[in-house]
Amino acid sequence: MSVPLGSRWLVTGASGMLGRELTARLSRRGVPVVPLVRRADLDVTDPAAARALLARHRPAVLVNCAAWTAVDAAEAHEARALAVNGEGPGHLARACRATGTRMIQLSTDYVFAGLADRPYREDDPPAPRTAYGRTKLAGERAVLDTLPDGGYVVRTAWLYGSGGANFVSTMIRLAAAEGTVPVVDDQHGGPTWTGDLADRLLALGAAALRGTAPPGVYHAVNAGSTTWHALAREIFRRAGADPGRVRPIGSGELARPAARPPYSVLAQGRWRAAGLAPLRDWRAALAEAFPALLRASARGGTVRR
C-alpha cells in the first residue's frame, strides 16, 4: 500500500483502541502523524479550537476517532452525545474545508434499525432506533454536507483489538475463569479487528489523496457474520476452554436502556469503486489477532467490555 510520505495525518481520539492502532501503523510507515490523545489536545465541541488546530498543523488527512461511545448513557444524555458525535464532526469538517484537508469520519451500524434480512448496503436509508445512532448519523451528515468532495464516512461494527475494552478480550478473561457465561444469541453482526480496519483507513486516505477514492460512505467490517454467542464459543475454543460453558440467552434477558440492533451485518460493495479490497473474513482476522490478545490478557491488560 502506498501512503504518500510527507503527507501529515491528524488522528483524533488517538488514545482509543482504533486510534492507537491507526497511529501506530502510520508511524511504522514513516508517515507524519499528529495524535490527539486527550480532550485537552482538542475539544471537538469547540469550533474555534478545531479551526486553530487545523490551521496550525494543516494535515492532508484527518481521521476522527473521537466519539461518545457510551451507548446506554446516550439515552439519558442525548444532547451531550450529540455535541460530540454530531456537532463535533461538523466543526472538524468546516475546519478541514478551510485547509483543504480530507476527512474520514468513523461511524457505526447503529445508524440502521437492525431489522433487515440481508447485509446493509452503503446506500440503504438509515433509521436509527437509539440516541447513539441518531447522534452518529448527525455526524455523518455534517461531514458529507460540508465536504462533498473530500468527506468520507466509514461505518464499522463489533470492534475488538489490543489496548481497549472489547468483547473478545472479555471472553478471553472469562474463558480462564470457571462457570458458565451467558451470551446473547439473537444479535447478528461482523466482528471487526482494529488492525484490519486501520489498514483500510490508511488505504482509503491514500486513495483520497491520489484522487481515486470517491467521497461518501464506506462500510468497513470483517466479512461474514456470526452471533455474539457463536463468537464467544469460538473465543473459548481458541483459548483452550470448553465452548459448552457459553450459555445462549435472548437479548430480552439483558435490561439495557438502548436497544441493540438484532441484525447489523454490513455489505462492503463501495470499496471496489475506490479500487480497494474489502476487509477479509472475520475468522481469519480473529486468528491473526488472537495471540496478541491472549498476551494482553495474561499481562492483565484492559479486557472489560
Exercise. Looking at W158, Y263, T99, which one has the Cα that reaches farthest to the positive end of the dipole of the chain (charges on Cβ: Lys, Arg +1; Asp, Glu -1)?
Worked result: T99
Seminar exercise, completed: The alpha-carbon center of the stretch 26-68 and that of the stretch 212-291 are separated, in whole Å, by 28
For this session: With a/c under 1.5 counting as rounded, go ahead and sort the stretch 14-91 into rounded, prolate or oblate using the C-alpha gyration tensor (a ≥ b ≥ c being the square roots of the eigenvalues; past the cut-off, prolate if a/b is larger than b/c, else oblate).
Result: oblate
Exercise. I249 to A40: extension gain in nm, 0.36 nm per residue of separation minus the Cα-Cα distance?
Worked result: 71.1 nm
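Based on the alpha-carbon set only, what is the convex hull volume of the chain divided per residue, in Å³? If you can, show how the numbers build up before the last one.
On the way: hull volume 37.3 nm³, N = 305.
With only Cα atoms used, the chain gives 122 Å³ per residue.
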Exercise. HN-Hα J couplings of the stretch 251-258 from phi, Karplus 6.51/-1.76/1.60, θ = phi - 60°, integer Hz, Gly and Pro as x?
Worked result: 4, x, 7, 9, 7, 10, x, 9
Seminar exercise, completed: Measuring from the longest principal axis of the C-alpha atoms of the chain, the long axis of helix 88-99 (C-alpha) lies at a number of degrees, nearest 10, equal to 30
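Please state, to two decimals, what the Cα-based radius of gyration of the stretch 71-214 comes to when divided by 2.2 N^0.38 Å (N = residues). List each step's numbers first, then the result.
Working: Rg = 17.2 Å, N = 144, 2.2 N^0.38 = 14.5 Å.
Compared with the compact-globule rule of thumb, the stretch 71-214 sits at 1.19.
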Problem set entry | Share of alpha-carbon pairs per 10 Å distance bin for the stretch 9-159, given as whole % | 12, 42, 35, 11, 1
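Any chance you could run the full-extension gain for A127 through A287? It's 0.36 nm times the residue separation minus the Cα-Cα distance, nm to one decimal.
Details: separation 160, 0.36 × 160 = 57.60 nm, distance 3.36 nm.
Fully extending the segment from A127 to A287 adds 54.2 nm.
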Problem set entry | Long-range HN-HN contacts of Y218 with modeled amide H, under 5 Å | V153, V154, R155
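Suppose the chain between S27 and H77 were pulled fully straight at 0.36 nm per residue; how much longer would it get relative to their current alpha carbon spacing? The partial results should precede the final answer.
Numbers: separation 50, 0.36 × 50 = 18.00 nm, distance 3.62 nm.
Gain on stretching S27 to H77: 14.4 nm.
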Problem set entry | Degrees between helix 282-298 axis and first principal axis of the chain (Cα, 0 to 90, nearest 10) | 80
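Classify the stretch 166-207 as rounded, prolate or oblate, taking a ≥ b ≥ c as the square roots of the eigenvalues of its Cα gyration tensor: rounded when a/c is under 1.5, otherwise prolate if a/b is larger than b/c and oblate if not. Can you show the working numbers first?
Values: a/c = 7.46, a/b = 2.31, b/c = 3.23.
Judged from the Cα gyration tensor, the stretch 166-207 comes out oblate (a/c at least 1.5, b/c at or above a/b).
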For this session: Could you tell me whether the stretch 209-271 comes out rounded, prolate or oblate from its Cα gyration tensor? Rule is a ≥ b ≥ c as square roots of the eigenvalues, rounded for a/c under 1.5, then prolate if a/b exceeds b/c, otherwise oblate.
Result: oblate
Exercise. What are the ³J(HN,Hα) values, in whole Hz, obtained from phi via the Karplus relation 6.51 cos²θ - 1.76 cosθ + 1.60 with θ = phi - 60°, for each residue of the stretch 76-83 in sequence order, with x given for Gly and Pro?
Worked result: 8, 9, 5, 4, 5, 5, 5, 4
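Laboratory data are not the source of any read-out in this text; all were calculated from the coordinates shown. Since the model is a prediction, treat every value here as computed from it, not as a measurement. Cβ coordinates were reconstructed from backbone atoms using ideal geometry, including for glycine residues, and neighbour counts include every protein chain displayed.
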